[in-house]
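Structure record follows, encoded as structure tokens.
The values are calculated or read from the model by the stated rules, or taken from the named source; none is laboratory data. All of these numbers come straight from a predicted model, not from anything done at the bench. Cβ atoms come from the backbone with ideal geometry, glycine included; neighbour counts cover every protein chain shown. Note: areas computed on protein heavy atoms with side chains; ligands, DNA, RNA excluded. Shrake-Rupley method; radii C 1.70, N 1.55, O 1.52, S 1.80 Å.
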Amino acid sequence: MYNDNPTLSGLIKEIDESKQGEAFYKEGHEGGKKFYIESYGCQMNFSDSEIVASILAEEGFGATRDMEEADLILVNTCSIREKAEETVRKRLRLFDKVKQNKPGTLVGVLGCMAERLKAKFLEEEKLVDMVIGPDAYRDLPKLIATAEDGEKGVNVFLSREETYADISPLRLDSNGVTAFISIMRGCDNMCSFCVVPFTRGRERSRDSYSIVAEATDLFDKGYREVTLLGQNVDSYKWSNPETEESVNFAQLLEMTAKIHPDLRIRFSTSHPKDITDEVLETMANYENICKYIHLPVQSGNSRVLELMNRTYDREWYMDRVNAIYRYMPDCAISSDMIAGFCSETEEEHQETLTMMEFANYSMSYMFYYSERPGTLAHRKLEDDISLEVKKRRLNEIIRLQNQISFKHNQADIGKTFKVLIEGDSKKSADDFKGRNSQNKMMVFPKKNGLKPGDYVQVKVKDATSATLKGEIVEG
Ligand code: SF4
């Protein structure tokens, strides 16, 4: 389909199947150089690592999962919480040993921590040869050459244009069924606790037709689900420089949904202030746009939301939740919550708990507040909630979410869902795993003749707070 569509051809470099996933690791690259890459943090980072792999493959690098045999060790870092950075520092200790055993091995730090620390990283970590920010991956070949000549390389320039739209990701750890497509980069919001605007720069949306071209090419190659990625997908807006045409997120969703009814569309992450009824209506109109929305609330209290600079209040968020269930009663919503933000009172914490019950989240990502250097909150607000109270409030949020998730899944017992088979279940090779439209993981016994990438109807027989168990039914 991709080839015979004149508006799409040439917009992206087609993915070369022989250079994807396991095949790429297996490809010997005898005598060639090899890279080893670890990725941490959000899905954007994992997608960026696929762009990095593609750039290195163009340079003749092969990939290895064994850092001992690598010529180049890369770590794509996250900076969202202190713990994320501690993890990276621990990994660098390990890389240091490898480098001592195999002098000449290069070590490069990518991603948000590289962008946050910049050249300071080189002073703090002597083993590091290259520090490369999220917008500078095209510069990798040059920085590797510089480092091979014994000079340290740094490029942490944040761009207002870069979207890597013309680079076809090399899906290293792909299951061949589901894939992520980055549709925009950066974030123009300024949530007071967040480093992302400082580490990923200003928002810029990618050419809509290159996104459709990539999704079409993936469908042609057997993928059956794509997730459109952005820090805040709802503010996606692309204007065609040659024409007056402009495409917003609802229109992009429709363009991808129209590729083929068997290509499922997911997206992440939404922002409560920008999610429109137009997006919800488009979701309701296409069966293949999955009925699942990740809508971070962060707090259920309006005063705390204002301190967080989230630009919406409790009532606005509840209105959006009502709108979602109005357009799609069977839609699942998940969220992010931060416990113990600056000056949060016990009553305000209780409002986060009542918001969770109101929204009836299918699952959530839950953390206690971790002050990040350079953020608005770090500069203006006191991190005055004790660690003990932060942990106690977080445990209350987690306990409640487990109860809600369990009820949410129990209510699915007896229902039949269309499921996309993604592969073998982790626990048993006799079972398949796959997700329904609501993004719930389902496990069910295999049936002959079926394989990953097939759709099946699965009736739910049992449920835990994390998984639905069922069996394939005809029809
Ligand atoms: S929307 Fe807020 S929390 Fe999300 S990436 Fe942007 S600044 Fe960070």
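Brief remarks on what is shown
- For q = 0.15 Å⁻¹, Debye-computed log10 I/I(0) when each Cα of segment 70-118 counts as one equal scatterer: -0.40
- Separation of the Lys33 and Glu161 label points, Cα + 7 Å toward Cβ, nm: 2.7
- Proximal lysines to Lys221, defined as alpha-carbon separation beneath 20 angstrom and excluding residues fewer than eight positions away on the same chain: Lys13, Lys19, Lys26, Lys258, Lys451
- In Å, descending, principal axis extents of the Cα set of segment 171-231: 42, 25, 15
- Qualifying chymotrypsin sites (Phe, Trp or Tyr not before Pro) for segment 80-179 [loop in DSSP, other Cβ within 10 Å: at most 13]: Phe157
- On the basis of the beta-carbon distance and an R0 of 51 Å, Asn360 and Lys142 show a calculated FRET efficiency of 0.50.
- A Stokes-Einstein calculation at 4 °C with viscosity 1.567 mPa s, built on the Kirkwood radius of the chain over Cα pairs, returns a diffusion coefficient of 55 µm²/s.
- Candidates per GluC sites (Glu not before Pro) in segment 367-475, loop by DSSP, up to 10 other Cβ within 10 Å: Glu382, Glu474
- Our note on the geometry: Cα centres of segment 121-146 and segment 404-475, 43 Å apart.
- Per residue, the Cα convex hull of segment 17-155 amounts to 103 Å³.
- Taking a straight line from the alpha carbon of Lys469, these lysines sit under 17 Å away, with near neighbours fewer than eight places off in the same chain left out: Lys407, Lys415, Lys418, Lys426, Lys427, Lys433, Lys440, Lys446, Lys447, Lys459, Lys461.
- The chain, accessible surface, carbon-and-sulfur percent (1.4 angstrom probe): 51
- At q = 0.28 Å⁻¹, base-10 log of I(q)/I(0) for segment 388-438 (Debye sum, equal scatterers on each alpha carbon): -1.02
- q = 0.12, 0.13 Å⁻¹, segment 387-475: log10 I(q)/I(0) [Debye, one scatterer per Cα]: -0.41, -0.47
- For the pair Thr311 and Glu58, label points projected 7 Å from Cα toward Cβ lie 3.3 nm apart.
- Sites matching GluC sites (Glu not before Pro) across segment 126-183 that sit in DSSP coil, with at most 13 neighbouring C-beta atoms within 10 Å: Glu151, Glu161
- Two-site FRET efficiency, Lys152 against Asp336, from Cβ-Cβ distance with R₀ of 41 Å, rounded to 0.05: 0.70
- Summed residue charge, Cβ within 12 Å of Lys446's Cβ, Lys/Arg positive, Asp/Glu negative: -2
- In the full protein context, the chain carries 42 Å² of accessible surface per residue, based on a 1.4 Å probe and ignoring ligands, DNA and RNA.
- Pairs exceeding a 29 Å alpha-carbon distance, out of Lys90/Lys390; Lys34/Lys97; Lys33/Lys237; Lys152/Lys390: Lys33/Lys237; Lys152/Lys390.
- What the Cα convex hull of segment 178-410 gives, in volume per residue, is 130 Å³.
- In order through segment 105-117: 3J(HN,Hα) via Karplus (6.51 cos²θ - 1.76 cosθ + 1.60), integer Hz, x for Gly, Pro: 5, 9, 10, x, 10, 10, x, 5, 5, 4, 5, 5, 8
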